[in-house]
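Structure record follows, encoded as structure tokens.
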Amino acid sequence: MTNKVSRRAFSAGVLATGLIGKAAPSFAQGEPKRGGTLVATWGGGEPQACYVPAGGGSSPTFSSSKLFERLGNRRMDGVFDGELAEAWKPAADYKSYTIKIRKGVKFHDGQDMTTDDVVYSIDEIWKKYAAGSALTDFAGVEAPDADTVVVKFNKPVPEFFFSSLLCGSVNYIVPKHVYAGTDILTNPANTAPTGTGPFKFVSYVPGQHVIMERNPNYWMPGLPYLDRVVIRAIADAPAQPGHCQALLAP
């Protein structure tokens, strides 16, 4: 069965249900069936890579959002939850925030995610490429211990603003051991990403598809439900403006 849905509805609906994403869904008829392959045809233009540190538009964001994760997650009801961060708290003057990092998270290559990865991602990628003006008053980031990261600002930053920063659409946590010492924008890892997300990269054929498979070591028990995701490029995007197709294959 193939259903045509708007790109916005697909992203906000299917991804939010937990079939691909995070929060365990509630279904009127019980738990969804596990396994299967999701095949999505994307008409947003051919991505220049599976992951683009600066975002790169909708196409690479669509693929990288299955492979990478952020410190926080904003639920459909507007409430902020921890993702790779268990919690965060402002200082009394709101000029710094202390983040407690989730333990037991591994990158797809088997290495542990640590505070070093968080500090590197904020200082070398968010500040320079992803977060942009959101870090105008950024004063530095440090890891005082193995569980904690402190982000500092030159001026007070409201809690809502900071929480939104942690949930920024491309403010991912990337592996320092893969990116440090390289040209971040041209690193070969951008076409074969290593993240902490619910799906692992399998292959990318420009003009054809991106294939991902279930991450068996994902930190959130029971997720994801799907075994495989295939994102197919539409060579002539205007042929299906503003739409993608989704197919759940057993």
In this structure, among Lys66/Lys89; Lys66/Lys155; Lys33/Lys66; Lys89/Lys200, pairs with alpha-carbon gaps over 25 Å are Lys66/Lys89; Lys66/Lys155; Lys89/Lys200
With all protein chains in place and a 1.4 Å probe, Asp137 shows an accessible area in Å² (nearest 10) of 50
Put a dot 7 Å past each Cα toward the Cβ at Asp123 and Phe160; how far apart are the dots in nm? 3.2
Just to verify a number: FRET efficiency for Lys106 and Asp81, C-beta to C-beta distance, R0 = 22 Å, to 0.05? 0.60
Can you list the aspartates and glutamates whose alpha carbon is less than 19 Å from that of Lys152, not counting same-chain residues fewer than 8 positions off? Glu86, Asp93, Asp116, Asp117, Asp123, Glu124, Asp137, Glu142
Spin-label point model (7 Å from Cα, Cβ direction): what's the Thr98 to Asp147 distance in nm? 1.1
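The values are calculated or read from the model by the stated rules, or taken from the named source; none is laboratory data. Since we're looking at a predicted model, the values are computed, not measured. For neighbour counting, all protein chains shown are included, and Cβ atoms are generated from backbone atoms with ideal geometry for every residue, glycine included. Side chains are part of the model used for accessible areas, which takes the heavy atoms of the whole protein and leaves out ligands, DNA and RNA. Shrake-Rupley method; radii C 1.70, N 1.55, O 1.52, S 1.80 Å.
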